[in-house]
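Student: Handing you a structure now.
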Amino acid sequence: MYTQNRQTGWEEESDAKAGMAAPPVARPVQLAAGGVAVLYALDTGGAPAAGADEITSVSGALVLNSAAVQLGEYGTVRELTESELYRWADAGKFDSIAYTQPLPVGEGRYTIHLRLQNARVGMEQMVVFTDLGGGVARVDRLWRTIADVRSDAGLPAFDRAARYLLSEQTR
C-alpha cells in the first residue's frame with residue numbers, strides 16, 4: 001500500500017479536517033533502561049503526553065503513538081511486526097480485519113497496514129517498526145477512526161503522515 005508510494009518530502013497542503021499541516025516531529029526521549037531514542041509526535045503545538053518510553057499525540061482525526069521497545073534476546077524487527085498481526089487477530093472487538101503482510105521499507109524497517117471494523121466503527125492503522133540498534137526498536141502506530149467503513153474515502157492527512165513515517169527522514 002504505502003510502501004509503493006514512499007516520499008521523502010512533506011506536502012505543504014493543509015488538511016483542516018484532520019487539523020494537520022506539518023509532518024510528525026522528532027522528540028528525543030530518555031529511556032527507562034538508559035540511553036536516548038528519537039520518537040515521533042504529531043505537531044500539535046504543545047507537549048505530547050509522555051509515558052514510559054513512549055509518546056502519544058492527537059491532532060484532529062489522527063493519533064500517533066511512538067514507542068521504544070526492547071527486541072529481546074532473539075527478537076528481530078520482522079518478528080515484532082509479525083506479532084502485531086497476532087495481537088489484532090486476537091482482538092475480539094472487530095468483525096473484520098484486513099491487513100498487509102509485513103512489508104520491508106528499508107534495512108531494519110518493516111510496516112503493516114490494517115483496517116478493522118465492527119457494526120459501529122472502523123479503524124485504519126499503519127505501523128512502522130524501525131531497528132534503532134543496541135536491541136531497541138521504535139514502533140510508530142498511526143491510526144484514525146472511521147465512522148462509516150462502507151463510504152470511507154480515506155483521509156489525506158493520514159496518507160501524508162504515513163508517507164512521512166515511512167520516509168528515510170525518520171530512519
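Student: Just to be sure I understand, how many residues within the stretch 109-123 are over 10 Å from the mean Cα position of the chain (by Cα) and open to solvent by less than 10 Å² (accessible area, probe 1.4 Å)?
Tutor: Summing the residues that are over 10 Å from the mean Cα position of the chain (by Cα) and open to solvent by less than 10 Å² (accessible area, probe 1.4 Å) in the stretch 109-123 gives 4.
Student: Also, I was wondering about something else. Among the residues in the stretch 132-139, are any open to solvent by 50 Å² or more (accessible area, probe 1.4 Å), in contact (Cβ under 8 Å) with a residue 60 or more places away in the chain, under 21 Å from Thr44 (Cα atoms) and not in a strand (DSSP E or B)?
Tutor: no
Student: When you check Pro102 against the structure, is it open to solvent by 30 Å² or more (accessible area, probe 1.4 Å) and under 24 Å from Ala41 (Cα atoms), yes or no?
Tutor: Here the answer is no, as Pro102 does not meet what is asked.
Student: Restricting to the stretch 140-169, count the residues that are open to solvent by less than 10 Å² (accessible area, probe 1.4 Å) and closer than 14 Å to Leu39 by Cβ.
Tutor: Number satisfying all stated conditions: 3.
Student: If you don't mind, another one. Kindly provide the set of residues from the stretch 144-168 that are among the hydrophobic types (A, V, I, L, M, F, W, C) and at pLDDT below 90, ordered by number.
Tutor: Ala147, Val149, Ala153
Student: Return the residue satisfying two criteria in turn: it lies in the stretch 62-87 and is of a type in the set (A, V, I, L, M, F, W, C) and assigned to a helix (DSSP H, G or I), and of such residues it is most open to solvent (accessible area, probe 1.4 Å).
Tutor: Checked the stretch 62-87; the qualifying residue most open to solvent (accessible area, probe 1.4 Å) is Leu80.
Student: Kindly indicate whether Gly45 is modelled with pLDDT under 80 and part of a loop (DSSP other than H, G, I, E, B).
Tutor: Here the answer is yes, as Gly45 does meet what is asked.
Student: Kindly provide the set of residues from the stretch 88-113 that are part of a strand (DSSP E or B) and hydrophobic (A, V, I, L, M, F, W, C), ordered by number.
Tutor: Correct list: Ile97, Ala98, Leu103, Val105, Ile112.
The values are calculated or read from the model by the stated rules, or taken from the named source; none is laboratory data. Please read all numbers here as calculations on a predicted model, not as lab measurements. Every residue, glycine among them, receives a Cβ derived from its backbone with ideal geometry; neighbour counts consider all protein chains shown. For the accessible areas, the whole protein counts, side chains as well, though only heavy atoms, and no ligand, DNA or RNA atoms are used. Shrake-Rupley method; radii C 1.70, N 1.55, O 1.52, S 1.80 Å.
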